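Worksheet: one structure, shown below.
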Amino acid sequence: MRTTTLLFISLLSHTAFAQWDIPSVNTPVRAAAGVDAVTPLSAAGRQGSTYISWFEQSDGGYILRMQRLDVDGVAEWDSEGLLVSEEPQNSALFRYDLAGDLEGNAIVAFQDERSGSLDVVAYKVGPDGSMVWGSGLALPTPDGTGLAPSIGVLSDNRVVFAWNTDSSPSAVAYLVVSQDGVPDPAGTQQITSIGNLGRPKIVPCSDGGFWIQYVEQDGNFLTPGVITAARVSATLELGTPVIVSTKTIAGFYFPQPITDGHDGMYVAFNTSNGSNENITDLFVQRLRADGSLWSPKGTSVEDGVTTQRFTFSATPALVNDDDGLMLAYQRTDLAQSEGGISVQRMDTAGNRMLSDAGVVVIPANSLLPAPFGNAALTDGMVTTTLDVGTGPHKIAAQQIGLDGLVVGPSISLCSVSSEKDDPTLVPFRNGQAVIAWQDQRSGTGGIYAQPVQLDFNVGITAPSSTDNTFVLWPNPTTGQLRALLPGEAADLLDLRVIDATGRTIWTKRRVPFSAEGILLDLSTLAPGSYALVANTQKGSLGTSRFIRQ
């Protein structure tokens, strides 16, 4: 059931499951005493909503829950989350996947032991919390079991699931399912080779087909492997595999491809430095629709053997064909005792656009900030980072222009001193991106979320006792809004309202100041999220956000 509560940003009065909160509190997704919630994933829903899934311990095992936050951070389902599955689980948790389909449903795939052995299952969850595919869709592995599924939503809203098998040598299995949950009559397909195959990822194409990327290893699961991809047509005909890069990757590394917008893909991956194999480097490669590549190896983000470079889970951010793609990465000293964030931009032909050394965004320090998400903007990108050094971890974001230079101050996303893990990013929609992560602030695992709102610049930096913020009441409002401003503000004020795209849509000039507050009639505004900005002749009094119901 959806609930509406009041949020007074300036007075720091907060209610769980109300709406987006400030970084010193954050919006709780699953945060209950004694509940250990872990491994969150997030995906975009319709109307700016965000799906967040997680596992939590229950009666000695694990259950899978999910929450849907609307565009304002309001929880749409029960406060403890929607129970998706309580089928028997293994004593360990493995990689799983979450995606949103073209109709705004959530698709989640994981592994459980309902069949008596570990294998892959999938659920489709509607925006209203309904189980569209009932009690789950079993995805059996031919002559074996499956692990670590990934999801691709195709252009016709079919869904393809791909996973590792336990065959020897291991194979990659995949199955295409209709939007109604009906598996393709051909059943589960497998890609095999003389080596071990695994770590599949799906990149959909415009014709209803897809690329399936995987890693081939000559030895066991810890040996280096090469990234490979095969094109599968809309009629599920498997093409000839293409070696994406002759550079090898480590056995524990999971490369994350993205579409190039032209039925091909980009992928950034950690590998060895071209001049010193003992140094970790970062390469980017493009696989075009016709199977051609930038080069056999791809392009490294920078030259040199005096630093190491890491991408972590951050994928490239494709700005557009003219400006190319951008990537923020961790750049450390050789001992990895200090590290910072650098950025590189490449054109669509694989040429480095920000010099051969990249651009330093955050200087090296002992906190070792690492990128977990890069989100494209029309004129650059935002990178989100998690400190991975010793001590409490902090999450932040930084806007970066096409020239690689920092735009504005660093954006605090969580200022709580606590251990954090598994951060995820849903890229920008209507001026807002959403981050979710596991947080140990209460002593057990909890799941929290926070937005990045560049247009408003509110909800991303916590007000202090000296900030010139002000109270808006009632908030949310049906149209009549009272602004309580600082006691010594000014005789006359200029007020304006900004919408979610950053446009000024309402103004009122030379408003007489009143200690009892200023009553504003905003009934003409459409329902949504807004910010009220107050200025005097001496400067800004601040900005406060409100919801028009």
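The values are calculated or read from the model by the stated rules, or taken from the named source; none is laboratory data. Predicted model, so just to flag it, every value in this text is computed and none were measured. Ideal geometry is used to build each Cβ from the backbone, glycine not excepted, and the neighbour counts take in all protein chains shown.
Candidates are the residues of region 483-504 that are within 35 Å of the chain's Cα centre (by Cα) and at pLDDT below 70; the one that is farthest from Leu532 (Cα to Cα) is Thr501.
Every test in (1) part of a loop (DSSP other than H, G, I, E, B); (2) modelled with pLDDT of 95 or more is passed by Ser53 save one, and that test is (1). The residue list Ala138, Ala186 contains one member that is in contact with a strand residue (DSSP E or B) (Cβ under 7 Å, 6 or more places away or on another chain) and small (Gly, Ala, Ser), which is Ala138. Of all residues assigned to region 290-306, none qualifies as being among the aliphatic types (A, V, I, L, M) and at pLDDT below 95. With respect to Thr507, determine if the residue is loosely packed, with under 12 Cβ neighbours inside 10 Å, modelled with pLDDT of 75 or more and either hydroxyl-bearing (Ser, Thr, Tyr) or not assigned by TED's automatic domain parsing to the domain that holds Thr543 (or both). Yes. Restricting attention to region 350-405, the residues being among the basic types (Lys, Arg) and modelled with pLDDT under 95 number 1. Would you tally the residues in region 110-154 being among the charged types (D, E, K, R) and touching a Phe, Trp or Tyr at 6+ places or on another chain (Cβ under 8 Å)? Counting residues in region 110-154 that are among the charged types (D, E, K, R) and touching a Phe, Trp or Tyr at 6+ places or on another chain (Cβ under 8 Å) gives 1.
Of the residues making up region 242-287, just one is among the charged types (D, E, K, R), part of a loop (DSSP other than H, G, I, E, B), in contact (Cβ under 8 Å) with a residue 24 or more places away in the chain and out of contact with any Cys (no Cβ under 7 Å at 6 or more places or on another chain), namely Asp260. Do we find a residue being within 24 Å of the chain's Cα centre (by Cα), among the acidic types (Asp, Glu) and more than 21 Å from Phe110 (Cβ to Cβ) anywhere in region 149-163? Within region 149-163, one or more residues are within 24 Å of the chain's Cα centre (by Cα), among the acidic types (Asp, Glu) and more than 21 Å from Phe110 (Cβ to Cβ). Suppose we keep only residues that are within 19 Å of the chain's Cα centre (by Cα) and among the aromatic types (Phe, Trp, Tyr) within region 236-278. Which one would you say is surrounded by the most Cβ atoms within 10 Å (Cβ to Cβ)? Among residues in region 236-278 that are within 19 Å of the chain's Cα centre (by Cα) and among the aromatic types (Phe, Trp, Tyr), the one surrounded by the most Cβ atoms within 10 Å (Cβ to Cβ) is Tyr266. The set of residues from region 182-234 being in contact with an Asp or Glu (Cβ under 8 Å, 6 or more places away or on another chain) and closer than 21 Å to Phe110 by Cβ comprises just one member, Leu197. Looking at (1) outside any strand (DSSP E or B); (2) buried (at least 17 other Cβ atoms within 10 Å of the Cβ); (3) modelled with pLDDT under 80, which one does Thr444 not meet, given that it meets all the others? Of (1) outside any strand (DSSP E or B); (2) buried (at least 17 other Cβ atoms within 10 Å of the Cβ); (3) modelled with pLDDT under 80, only one is false for Thr444: (3).
Within region 411-420, the set of residues being without any contact (Cβ under 8 Å) to a residue 60 or more places away in the chain and either surrounded by 15 or more Cβ atoms within 10 Å (Cβ to Cβ) or on the phi > 0 side of the Ramachandran plot (or both) comprises Ile411, Ser418, Lys420. Among the residues here, Leu293 does not qualify as over 24 Å from Phe428 (Cβ atoms), in the same structural domain as Arg158 (by TED's automatic domain parsing), out of contact with any Asp or Glu (no Cβ under 8 Å at 6 or more places or on another chain) and of a type outside the set (Lys, Arg).
Do we find a residue being of a type outside the set (Val, Ile, Thr), outside any loop (DSSP other than H, G, I, E, B) and farther than 30 Å from Ser42 by Cα anywhere in region 288-296? Yes, there is a match, as at least one residue in region 288-296 is of a type outside the set (Val, Ile, Thr), outside any loop (DSSP other than H, G, I, E, B) and farther than 30 Å from Ser42 by Cα. Scanning region 184-201 for residues that are in a loop (DSSP other than H, G, I, E, B) and closer than 16 Å to Thr235 by Cβ yields a total of 4. In region 424-440, what residues are surrounded by 18 or more Cβ atoms within 10 Å (Cβ to Cβ) and closer than 16 Å to Asp36 by Cα? Matches in region 424-440: Ala436, Trp437, Gln438, Asp439.
For region 72-96, name all the residues that are small (Gly, Ala, Ser), assigned to a strand (DSSP E or B) and within 25 Å of Gly60 (Cα to Cα). If the condition is that a residue be small (Gly, Ala, Ser), assigned to a strand (DSSP E or B) and within 25 Å of Gly60 (Cα to Cα), then Ser85 is the only one that fits. Filtering region 132-148 to residues that are aliphatic (A, V, I, L, M) and more than 25 Å from the chain's Cα centre (by Cα) leaves Leu137, Ala138, Leu139. Of all residues in region 53-69, those that are touching a residue at least 40 places away in the same chain (Cβ under 8 Å) and of a type in the set (D, E, K, R) total 2.
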